[in-house]
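The values are calculated or read from the model by the stated rules, or taken from the named source; none is laboratory data. As the structure is a prediction and not an experimental result, all values here were calculated from the model. Every residue, glycine as well, gets a Cβ built from its backbone with ideal geometry; the counts of neighbours run over all protein chains shown.
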Amino acid sequence: MKIIRYNPFPHHSFWKPGSQKIRFLLYLVTGMATHIPLVHASTGWMDNGHINFQIRPRYETVKQEGKPDAAHAWTMRTILGYSIQPRSNLKAKLEFINVSNLGSQQYNSTQNGKTGYPIIADPGKTAVNQAFINYSGIDATRLKIGRQKIILDNSRFVGNVDFRQNMQTFDAISLNNSSIEGINLFAAHVVHTKSSYANGQIPVGYNLQHVNANLFHAAIPLFQGTNIALYDYSYDDKSMISQAPGNISSNTVGLRFHGSLHLTGMTQIFYTAEYAKQHGLNHAESGIDASYLHVGAGGSFKKLAGHIDLEQLGSNSNGTYGLQTPMGTKHAFNGWADMFLTTPQTGLRDVYVTLSDTVFHKLKLLAVHHDYKSSYGSIHYGTEWDISLLDTLQNGVKLGVMYANYQAKDNAGHNYPGTAVTNTHTEKTWVTMEYDY
């Protein structure tokens, strides 16, 4: 096996003419184009191991009213990991992640001090992404200890924030059990979150946040194609002063009903109903008392699909706290323009319509329209269009173009209540390539 002496986690710019980094990137692209595997053979200890590798170069631009310049970010995410399974019931994995800039930083990364530009929350960083031991020696049970991904249901309350170049992972002990036929039970105790976000607020770069979180989830099948999930998530933010403003330590208990019904071979309907209640823990900021509601339905015929949804992150009775999801994946919800990563104090009611179609081979077109109001006081925050084209080539390379256009309505130019985010016209565009090995 040929050894390539290359450091996949550089501290400086990737894009330097004639550099070894460019030669390595060309090697990768050539290998993908000609279907040549990056590793041909292995001997000895590598026979029990597996390498995983990902590169994701991305261009993102943001135009935002009130900012004198548009932001432009060329970034590269590189993930390199190795898994070994010395015994059939024991597995270990170590995985690194690096985010690098492919050129000058014409954007506010939240770390580089360039506040004249809009925020693109992808600062450069190298970190351990995952490092865990997985034991499956107990019947129908899997125990995982260490830094790991945790994704529950649709990742609304607990997820890995994969859209951001530096994803979220958890330092945790987790347990999966499926000894009761058809039922999956999950429990985890989390002591740190590794993310670009802290407390669900504006990102400030790489954060290893000290928490005391306990996650309980049960997935139960009701009938064919339909499941119900019960969950109880407690989140205790140890990085915040007790009862200080911004300490959103809370407990969320909920019920999720989700499924689909096939009418013919080419036609189906699908439906979702979810409700949760969130209360503050003893040392959280005052006033944490809000509910979550999501109802939606839709259908598909051949390759065309559509649905309409109402999602409400409620407020308390005084309009001073909106339900928060500090461990969840945020970009996938309430618009790709990321105007509501922090729920306003007056809550958020998002009514959205989604249409998708496969227009050519595997080229998927997706369009979403959002209408946003507060759940307390019915303030019409704004509307948004999200459009994407995604394709997967035969060699596994994924290509994507995404566009988000948010138009502010009531209180344009003012901060959303209780946040540092301004309600202003915002346009975002992404061009992404991703290759996984």
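Miscellaneous remarks
- Residue check, ILE269 more than 23 Å from the chain's Cα centre (by Cα) and under 30 Å from PHE301 (Cβ atoms): yes
- Count of residues meeting criterion [modelled with pLDDT under 95 and either part of a strand (DSSP E or B) or on the phi > 0 side of the Ramachandran plot (or both)] in region 237-253: 3
- Residue within region 269-285 that is over 24 Å from VAL211 (Cβ atoms), in a loop (DSSP other than H, G, I, E, B) and of a type in the set (Val, Ile, Thr) present: no
- Condition check for SER291: among the small types (Gly, Ala, Ser) and buried (at least 18 other Cβ atoms within 10 Å of the Cβ): yes
- Of all residues in region 68-85, those that are part of a strand (DSSP E or B) have Cβ atoms under 6 Å from Cβ atoms of residues that are of a type in the set (Phe, Trp, Tyr) and surrounded by fewer than 21 Cβ atoms within 10 Å (Cβ to Cβ), 6 or more apart or on another chain, in TRP74/TYR59; LEU80/PHE53; LEU80/PHE96.
- Being touching a helix residue (DSSP H, G or I) at 6+ places or on another chain (Cβ under 9 Å), outside any strand (DSSP E or B) and loosely packed, with under 15 Cβ neighbours inside 10 Å is a property that GLY413 lacks.
- Going through (1) farther than 30 Å from VAL421 by Cα; (2) exposed (fewer than 14 other Cβ atoms within 10 Å of the Cβ); (3) touching a His at 6+ places or on another chain (Cβ under 9 Å); (4) at pLDDT 50 or above one by one, LYS2 falls short only on (4).
- Pairs where the first residue, in region 171-191, is closer than 17 Å to ALA213 by Cα and the second is among the charged types (D, E, K, R) and not in a strand (DSSP E or B), C-beta under 9 Å, 6+ apart: VAL191/LYS238
- Strands (runs of 3 or more DSSP E) wholly inside region 301-383 that include at least 1 residues being basic (Lys, Arg) and crowded, with 16+ Cβ neighbours inside 10 Å: 348-360, 363-373
Conditions (1) surrounded by 12 or more Cβ atoms within 10 Å (Cβ to Cβ); (2) at pLDDT 50 or above, marked per residue:
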residue	(1), (2)
TRP15	yes, no
ALA33	no, no
VAL39	yes, no
PHE53	yes, yes
LYS91	yes, yes
ILE97	yes, yes
LEU102	yes, yes
GLY113	no, yes
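- Residues in region 226-272 that are under 28 Å from THR342 (Cα atoms) and among the polar types (S, T, N, Q): SER234, SER239, SER242, GLN243, ASN247, SER249, SER250, ASN251, THR252, THR272.
- Hits in region 148-171 (condition: assigned to a strand (DSSP E or B), surrounded by 22 or more Cβ atoms within 10 Å (Cβ to Cβ) and in contact with a Lys or Arg (Cβ under 8 Å, 6 or more places away or on another chain)): THR169, PHE170
- Evaluation of ASP122 against the conditions (1) buried (at least 21 other Cβ atoms within 10 Å of the Cβ); (2) modelled with pLDDT under 95; (3) part of a strand (DSSP E or B) shows that the sole unmet condition is (3).
- LYS93 without any contact (Cβ under 8 Å) to a residue 24 or more places away in the chain and among the charged types (D, E, K, R): no
- Among the residues of region 95-119, those identified as within 21 Å of the chain's Cα centre (by Cα) and part of a strand (DSSP E or B) are GLU95, PHE96, ILE97, ASN98, VAL99, SER100, ASN101, ASN108, ILE119.
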